[in-house]
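In what follows, a structure is listed as structure tokens, so that the remarks can point back to it.
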Amino acid sequence: MQRIIVQVNKLKNNIQAELDRFLEQLQGELGQFIGFPVATDIDYSRLAPFFNVFMNNIGDPYDTAGLFRAHCKDKEQEVIGFYADLLDAPRGGCWGYVTSGSTEGNLYGLYVARERYPDGIVFYSEGAHYSIAKNCHLLGLTGVAVPTQENGEIDYLMLMAKLAEHRDRPAIVVATVGTTMTEARDDPGLIRIVLAGAGIAQYHIHCDAALAGNYACFIDSTERYDFGAGADTMAVSGYKFLGTPMPCGVVLCRAELARPIADRVAYIANPDSTISGSRSGHAPLAMWYAITALRQEGFQRRYEASLGLADYALRQLQALGWKAWRNPGALTVMLAAPPPALRYKWQLATADGWSHVICLPGVTKQRVDAFVSDLRAV
Ligand SMILES: *Cc1c(COP(=O)(O)O)cnc(C)c1O
């Protein structure tokens, strides 16, 4: 008996030691990266007690009459309302929900587009996220990749040419608002002009705004990248700019486009309007916590501080004589790929000889300086 108790205690201690070690390891990784689009400045520890209770925001976020009441759909609705304002969506004419991330948001957007135009063809840039091609495949949609300009933005003349080849079919155009590699923004307003030029009247525009959707409205420019600019559906990630403890995002949709999907399965009494059935309650709670603490002013303040840091990083790299550039308004700085050891140390994504650093909130001037001094040493 004594032996068993000793062993159980040892095991308990082992579990605690392993948890402590793992936490320290994770915190070490998070303190060292400069290339991954995740903010680390928001303290979510006040939510810790919620991780010992079950929540499930199953089904439609606006359906709160179901039997299961351990959910936070009222908070989820606030999150959707906040992003509807941020993305200039028609108030009251907009539906959405908290997703597991922008891959799901893109799936939902393309699903809505396919229900609207079953014979539509999807056009997206070669700089688009890999989830677009995957989702086309899942939905049985034909996808056409369009070359990009040098900065990573879709080549509008090439888009015009590709659209013209399929003039007889409706067009589903994905505008990437902040590409994964260069943070280039496709302009939905220009895309609509191109669609009109190609003589296509039936179209759907989905904006994949995973990162930049959080702050595109604060960019010092006349261009818009939201519902006001003609988006029909939009996906934005929650964990990137807000650094929530788990992957998540929102998808928004013009309400009249969402309704047919929900209606089709209404026989289960509740509108089954989301991609997954059971959904995290903790993710919307974390997003609600961040938006409630920050408000739009906090989003803008954090964006502008990050923009200043991105500009600083660019100037430091250029002062070093290291090849570097940045899209206007972007928090992503492109630089000629450093040697593999540094790419590993700083967790830098690299493609075609270029790497990027992303100055999201949480990255400090000290970290940029440490990175630049590592570069100086090679
Ligand atoms: C990160 C990203 C995604 C995917 O988001 P997940 O949340 O990882 O599913 C989609 N599109 C773009 C442009 C991204 O940067």
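The values are calculated or read from the model by the stated rules, or taken from the named source; none is laboratory data. Being a predicted model, the structure only gives us computed values, none of them experimental. Cβ: placed from backbone, ideal geometry, glycine included. Neighbour counts: every protein chain shown.
The table below lists the values:
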{"item": "Filtered residue count, the range 326-348, keeping only those that are hydrophobic (A, V, I, L, M, F, W, C), surrounded by fewer than 16 Cβ atoms within 10 Å (Cβ to Cβ) and closer than 26 Å to residue 219 by Cα", "result": "1"}
{"item": "Number of positions in the range 4-48 that are loosely packed, with under 10 Cβ neighbours inside 10 Å and either in contact (Cβ under 8 Å) with a residue 60 or more places away in the chain or within 16 Å of the ligand (Cβ to nearest atom) (or both)", "result": "1"}
{"item": "Checking residue 146 against (1) hydrophobic (A, V, I, L, M, F, W, C); (2) within 16 Å of the ligand (Cβ to nearest atom); (3) touching a residue at least 40 places away in the same chain (Cβ under 8 Å), the condition it does not meet", "result": "(3)"}
{"item": "Odd one out for residue 103 among (1) surrounded by 15 or more Cβ atoms within 10 Å (Cβ to Cβ); (2) within 22 Å of the chain's Cα centre (by Cα); (3) more than 16 Å from the ligand (Cβ to nearest atom); (4) not in a loop (DSSP other than H, G, I, E, B)", "result": "(3)"}
{"item": "Subset of the range 65-100 that is of a type in the set (Ser, Thr, Tyr) and crowded, with 21+ Cβ neighbours inside 10 Å - its residue that is nearest to the ligand (Cβ to nearest atom)", "result": "99"}
{"item": "Residue list for the range 120-143, filter: within 15 Å of the ligand (Cβ to nearest atom), within 15 Å of residue 177 (Cα to Cα) and surrounded by 17 or more Cβ atoms within 10 Å (Cβ to Cβ)", "result": "124, 125, 127, 128, 129, 131, 132"}
{"item": "Residue count, the range 223-263 (criterion: surrounded by fewer than 23 Cβ atoms within 10 Å (Cβ to Cβ), at pLDDT 90 or above and away from the ligand (no atom under 16 Å from the Cβ))", "result": "10"}
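Per-residue answers, yes or no, for (1) surrounded by fewer than 22 Cβ atoms within 10 Å (Cβ to Cβ); (2) in contact (Cβ under 8 Å) with a residue 60 or more places away in the chain:
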{"site": "179", "(1), (2)": "no, no"}
{"site": "193", "(1), (2)": "yes, no"}
{"site": "201", "(1), (2)": "yes, no"}
{"site": "217", "(1), (2)": "yes, yes"}
